[in-house]
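Participant: To start, I am sharing the structure in question, which I have written as structure tokens.
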Amino acid sequence: MMVAESLASNNKVLKIRNLSTHYFSRRGVLKAVDRVSMDLRKQEFIGIVGESGCGKSTLAFSIMRLIQPPGKIVEGEILFNGKDLLKLKDEEMRRVRGKEIGMVFQDPMTSLDPLEKIGDQIVETIQMHEDVDKKEALEKAMKLLESVGLPGDRVNYYPHQLSGGQRQRVMIALAIALNPTLLIADEPTTALDVIVQEKIMEILEKMKREGRSIILITHDFSLAAEKSDRILIMYAGWIVEMGDSMKLVAEPLHPYTKGLIESVPDIWLARKIKTMPGFPPDLINPPPGCKFHPRCPKAKEICKREEPPLIEVNGRLVKCWLYE
Amino acid sequence: MSEILRVENLKKYFPVQKSFIEVFFSKELEFIRAVDDVSFSVEEGEILSLVGESGCGKTTVGRMLVGLEEPTSGKIIFKNKDLTSLEGEERRAMHRHLQIIFQDPYASLNPKMKIGDHLIDPLLIHGLASNSEAKEIAMEMLERVGLVPADQFFNRLPYQLSGGQRQRVAIARAMVLKPEFVVADEPVSMIDVSLRAAILNLLLSFKDEYRLSMLFITHDLSVARLVGDRIAVMYLGKIVEIGDVDEVVQEPKHPYTAALLSAVPSFEKKDLRIDIKGDVANPRNPPPGCRYHPRCPFAKKECKEVEPELTGDRHRVACHFPLEIKID
């Protein structure tokens, strides 16, 4: 993508080019991620926003190369600090995971081992990648817990003894245990209350200040708008709009972005919400042309026939025929 | 406006399951005080938003209103009758006017029952229509909630519907009895973002058309503000603040309300930072005095000793030292 190239500056941590991840089901091929290109700069906090099924989690799992059959990455490049993750051997990729890219999942209860103490789980992760003895690793685990706002003695707790928010803090501690430069958080606060969410977000922002790049995947547009430097809007496997958070919210270009903003209740914008017509498409049989056209109030003839290009408008990228 | 529902000193204590050995050594039963002395009223045609974090007791309040949970004590006065003292036929007749919409549309519909029958059954149970009339009413209601063509949806099974469509069925099922009061328990929290507005607007349309009253339970303050005329904030089984939506949101008096407000994400972030400490206390053992005091950045000696009453006129707050702030 020429345009994406021209927009990004030099200090890029992550460069994704033309990435497609498909799921091969009995009903047909589901294009969960469909030729996506994006960049992430050093110390940048990026928010990927979309509804369930838009491909945002699949994109994250593709970066980590954690896609399981019947899913498969079918094309594209994921350049991370210069190396193409898709060309690495499994063994090399395992070293990247955790050590260079950390990931926080939505449900901390299913990602933590219920039978093992918190401390042991962190120690195990550290010892897997670093040559340190148990005592040293345990000390590091305590420091990690403290860095996410938990008392160090929580190393002796089992996951069930912690609340949801505390467990998610443990997950972040695990994800940063090996000091990765990139942290991917997939809906880290979806199951949590707002106050706990705010505390988790504060930790992510601290991670950014310490020099890491952050990818926050969320369905909560206002959360992404508030916390991230840049926003990517995904719809039906495509990135339909991408740009500076403040500008994107102030002046959305893609009709989907605009519709989404107008349909979300907002505590401080005392306004009526507008219903967005229709529903997200079946990705095995997506509509021809622009996948959003059946729901689009501005759809033209060409939208029904041809896929829109990704166009640069005022420093923003938008995949829509309106701007051609 | 006249009052349709009044809740007085409502309490629900759940006994804590104990092991045999614990029972053997201590005679005292322990309780989770899920709802602990809650009072409020709802006017005809009014929506009261009930907000709070998970575990604060808001869902239990809703379940007691529709009779899915027996109160430990207190009164639920609906249309001048105390529901807690009614039994049998009389109680069933009253509950026709008091319906509920649940959070999870995947769990609240019968997977083996056709969509149409979900609407026909309540009509038949309450003897409001004959078989053929019931079908007609059901079809009209399916259309009303946007499930068109209704005759196609009528014969489908829940698994053939999306989450948003299922929630429309749940709304239709509640509305088919023309209730005067509906408890909506987090009706959009499991719905896709772009479809939420449609469901919320649908619910609001019934309010206008039927002069429907509603208790709208949600953890999302943005939604609470949008749909509610008034708002009640719960913390650890108690209402800590209640009043007109705009007043509570723009001039919160309770530090907990203010802390919630400062944590809500928004497209237009306000410069409001009211902190909150630690985690929610165990409802088995709520802190003495004000239950919020261990987390409150403004707590003083009095807060640790004396439990504050809910005081005030229309905008009421349970706090010894209410805030005086205004958010524009």
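Each value in this text was obtained by applying a stated rule to the coordinates, not by laboratory testing. What you are looking at is a predicted structure, and each value in this text was computed from that prediction instead of being measured. Neighbour counts run over all protein chains shown; Cβ positions are idealised from the backbone, glycine included.
Participant: Please compute the modelled spin-label separation between A:Thr110 and A:Glu124, points set 7 Å along Cα→Cβ, answer in nm with one decimal.
Facilitator: About 1.9 nm separates the two model spin labels.
Participant: For n ≥ 4 DSSP H runs only, could you compute -39500 (n - 2.57) per run for chain A, divide by its residues and tell me the 222 nm figure to the nearest 500?
Facilitator: Mean residue ellipticity at 222 nm (helix-derived): -9500 deg cm²/dmol.
Participant: For the protein assembly as shown, give the share of DSSP beta bridges that are antiparallel, in percent and rounded to the nearest 5; count only bridges with both residues there. Numbers along the way, then the final one.
Facilitator: Values: 58 of 95 bridges.
So the antiparallel bridges in the protein assembly as shown amount to around 60 percent.
Participant: Something else about it: List the GluC sites (Glu not before Pro) in the range B:259-328 that DSSP assigns to loop (not H, G, I, E or B) and whose Cβ has at most 10 other Cβ atoms within 10 Å. Which are they?
Facilitator: Qualifying residues, ordered by number: B:Glu324.
Participant: Going down the list A:Lys15/A:Lys300; A:Lys274/B:Lys238; A:Lys143/B:Lys301; A:Lys31/A:Lys319, which pairs span over 29 Å between their C-alpha atoms?
Facilitator: A:Lys15/A:Lys300; A:Lys274/B:Lys238; A:Lys143/B:Lys301
Participant: State, as an integer percentage, the relative contact order of chain A based on alpha-carbon contacts under 8 Å between residues 6 or more apart.
Facilitator: Result for chain A is 20 percent.
Participant: Can you tell me the 0 to 90 degree angle between the C-alpha axis of helix A:194-209 and the longest principal axis of chain A, rounded to 10?
Facilitator: Taking the Cα atoms of chain A, the angle to A:194-209 is about 80 degrees.
Participant: Which of B:Lys12, B:Lys270, B:Lys79 ends up with the largest GNM mean-square fluctuation for chain B, with Cα atoms connected below 10 Å?
Facilitator: Greatest mean-square fluctuation among the candidates belongs to B:Lys270.
Participant: Bin width 10 Å, origin at 0, all Cα-Cα pairs of the range A:231-286: what percent of pairs per bin?
Facilitator: 21, 48, 27, 4
Participant: Taking A:Lys140 as the anchor, which lysines have their alpha carbon closer than 24 Å to its alpha carbon, excluding any fewer than eight residues away along the same chain?
Facilitator: A:Lys99, A:Lys117, A:Lys199, A:Lys206, A:Lys208
Participant: Right, next: How do A:Cys290, B:Cys56, A:Cys320 rank when sorted from fewest to most other Cβ atoms within 10 Å of their own Cβ?
Facilitator: Ranking A:Cys290, B:Cys56, A:Cys320 by Cβ neighbours within 10 Å, fewest first, gives A:Cys320, B:Cys56, A:Cys290.
Participant: Viscosity 0.890 mPa s, temperature 25 °C: Stokes-Einstein D of the range A:95-199 from its Kirkwood Cα radius, in µm² per second?
Facilitator: 180
Participant: I've got another one for you. Under 1.5 on a/c is rounded, so check that first for the range B:46-173, then, if it is not, pick prolate when a/b is larger than b/c and oblate when it is not; a ≥ b ≥ c are the square roots of the alpha carbon gyration tensor eigenvalues.
Facilitator: It is oblate, given that a/c is not under 1.5 and a/b is not larger than b/c.
Participant: How many angstrom lie between the C-alpha centres of the range A:187-237 and the range A:113-160?
Facilitator: Cα centroid of the range A:187-237 versus Cα centroid of the range A:113-160: 25 Å apart.
Participant: Too long at a 23 Å Cα-Cα cut-off: which of A:Lys12/A:Lys72; B:Lys79/B:Lys207; B:Lys12/B:Lys207; A:Lys89/A:Lys227?
Facilitator: Among A:Lys12/A:Lys72; B:Lys79/B:Lys207; B:Lys12/B:Lys207; A:Lys89/A:Lys227, the Cα-Cα distance tops 23 Å for A:Lys12/A:Lys72; B:Lys12/B:Lys207; A:Lys89/A:Lys227.
Participant: While we're on this one: Go through A:131-138, A:53-60, A:250-257, A:80-87 and give me the packing order, highest mean Cβ count within 10 Å leading.
Facilitator: A:53-60, A:250-257, A:80-87, A:131-138
Participant: Here is a follow-up. Just the number, please: Stokes-Einstein D of the range B:3-228 in µm²/s, Kirkwood Rh from C-alpha pairs, 25 °C, 0.890 mPa s.
Facilitator: 132
Participant: While we're looking at this one, here's another question. To the nearest 500 deg cm²/dmol, what mean residue ellipticity at 222 nm is calculated for chain B from DSSP H runs of n ≥ 4 alone, each contributing -39,500 (n - 2.57), summed and divided by the residues?
Facilitator: So the calculated ellipticity at 222 nm is -9500 deg cm²/dmol.
Participant: Charges on Cβ only, +1 for Lys and Arg, -1 for Asp and Glu, centred on the Cα centroid of chain B; of B:Ile199, B:Thr72, B:Ala170, which one is farthest towards the dipole's positive end?
Facilitator: It is B:Thr72, whose Cα lies furthest towards the positive end.
Participant: Report, to one decimal in Å, the Kirkwood hydrodynamic radius for the range B:236-328 based on all distinct Cα pairs.
Facilitator: 13.8
Participant: Of B:His315, A:His22, how do they rank once you tally other Cβ atoms within 10 Å and put the fewest first?
Facilitator: Working: B:His315 16, A:His22 22.
Least to most surrounded, the residues fall as B:His315, A:His22.
Participant: Still on this structure, please answer the following. Give me the percent of DSSP beta bridges within chain A that run antiparallel, rounded to the nearest 5. Kindly include the intermediate steps, with their values, before the conclusion.
Facilitator: Numbers: 32 of 51 bridges.
Rounded to the nearest five, the antiparallel share is 65 percent.
Participant: So, in nm, how far is label B:Arg273 from label B:Asn131 when the simple model puts each one 7 Å beyond its Cα toward the Cβ?
Facilitator: Rounded to a tenth, the inter-label distance reads 6.9 nm.
Participant: Given contacts defined as C-alpha pairs under 8 Å and at least six residues apart, what's the relative contact order of the range B:60-149, whole-number percent?
Facilitator: With pairs under 8 Å counted, the relative contact order is 16 percent.
Participant: Which of rounded, prolate, oblate describes the protein assembly as shown, given a ≥ b ≥ c as roots of the alpha-carbon gyration tensor eigenvalues and a/c under 1.5 marking rounded, otherwise prolate only if a/b is larger than b/c?
Facilitator: oblate
Participant: Further question: For each pair in B:Lys18/B:Lys178; A:Lys272/B:Lys277; A:Lys56/A:Lys272, compute the distance between the two Cα atoms and list the pairs where it is over 32 Å.
Facilitator: Where the Cα-Cα span goes over 32 Å, the pairs concerned are B:Lys18/B:Lys178; A:Lys272/B:Lys277.
Participant: Can I ask one more? Return one number: the angle in degrees, 0 to 90 and rounded to the nearest 10, between the long axis of the Cα atoms of helix B:115-125 and the longest principal axis of the Cα atoms of chain B.
Facilitator: Relative to chain B, helix B:115-125 is tipped by roughly 80 degrees.
Participant: Does the range A:249-324 classify as rounded, prolate or oblate by the C-alpha gyration tensor (a ≥ b ≥ c root eigenvalues; a/c under 1.5 gives rounded; else a/b over b/c gives prolate, otherwise oblate)?
Facilitator: It is oblate, given that a/c is not under 1.5 and a/b is not larger than b/c.
Participant: While we're here: Tally the DSSP beta bridges in chain B and give the antiparallel ones as a percent, rounded to 5.
Facilitator: For chain B, the DSSP antiparallel bridge percentage is about 60.
Participant: Just report the Cα centroid separation between the range B:39-103 and the range B:249-296, whole Å.
Facilitator: 26
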